[in-house]
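Below you'll find the structure, written out as structure tokens, and then a few comments.
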């Protein structure tokens with residue numbers, strides 16, 4: 001697919017490559033952004049005073065990226081860097097729960113303490129998601145890109161993300177793309193119904209390969225190509 005898409009810069013080349021692979025391209029865009037940012041944080045920003053101050057104000061990482069920063073720091077021999085960042089986040093949350101204990105605050109204060117962190121990794125994922133969505137919508141003026149986006153396996157969340165951008169930008173090419181995507185979803189639903197209908201002993205021989213693949217496709221559509229772990233804030 002990449003060879004047939006008009007490429008103007010490295011950003012186009014990366015998006016074309018994402019479209020060429022199976023699964024949802026925006027799921028991979030977010031995950032790539034997360035991994036690049038974590039690398040940069042561990043190797044360049046862990047001792048940066050400005051970053052550390054913003055990190056503390058945001059109250060650290062979200063649940064998912066708290067775990068990922070440790071895994072990445074171990075894999076890259078940067079355990080100290082991961083420990084420093086996790087320690088900084090831990091101190092922020094420790095001060096919150098200590099205040100709750102000391103002042104015997106009520107439910108609203110507990111609710112504020114439970115508020116998810118303003119995770120810097122999730123922020124980068126959201127930026128990458130928006131940029132990729134806007135680029136893809138802009139590319140729909142070209143028939144080759146239109147065909148590529150229409151045929152890609154967008155997950156539900158990212159279909160709606162791109163749909164929203166298309167409406168905001170008044171894309172005239174989007175309705176045709178959306179129609180093909182909706183047809184794909186309808187076909188998937190029909191194949192799931194067919195699998196269920198053909199699941200009894202006397203009809204099992206009627207199951208098709210397409211029906212047997214439907215549950216996995218449905219899980220990717222509903223949960224994302226990464227199993228739902230790649231969305232900011234999850």
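Numbers below:
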| quantity | calculated |
| --- | --- |
| Taking the chain and dividing mean pair separation by its residue count, relative contact order in percent (alpha carbons under 8 Å, at least six apart) | 28 percent |
| Per principal axis, descending, Cα span of the stretch 50-101 in whole Å | 37, 24, 17 |
| Cα centroid of the stretch 59-123 to Cα centroid of the stretch 134-178, whole Å | 36 Å |
| Normalised convex hull volume, the stretch 36-164, alpha-carbon set, Å³ per residue | 148 Å³ |
| Cα-based convex hull volume of the stretch 121-196 per residue, rounded to whole Å³ | 95 Å³ |
| Acute angle (nearest 10 degrees) that the helix 174-197 long axis makes with the longest principal axis of the chain, alpha-carbon atoms | 80 degrees |
| Rounded FRET efficiency, nearest 0.05, which uses the C-beta distance separating residue 20 from residue 212 and R0 of 22 Å | 0.30 |
| Inverse mean reciprocal Cα-Cα distance (Kirkwood Rh) of the chain, Å | 20.5 Å |
| Cα Rg, Dmax (largest Cα-Cα span) when computed across the stretch 1-58, Å | 16.1, 46 |
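Values quoted throughout were computed directly from the atomic coordinates according to the rules given, and no laboratory measurement underlies them. These numbers were taken from a predicted model, which means no experiment stands behind them. Note that we place each Cβ from the backbone using ideal geometry, even for glycine, and neighbour counts take in every protein chain shown.
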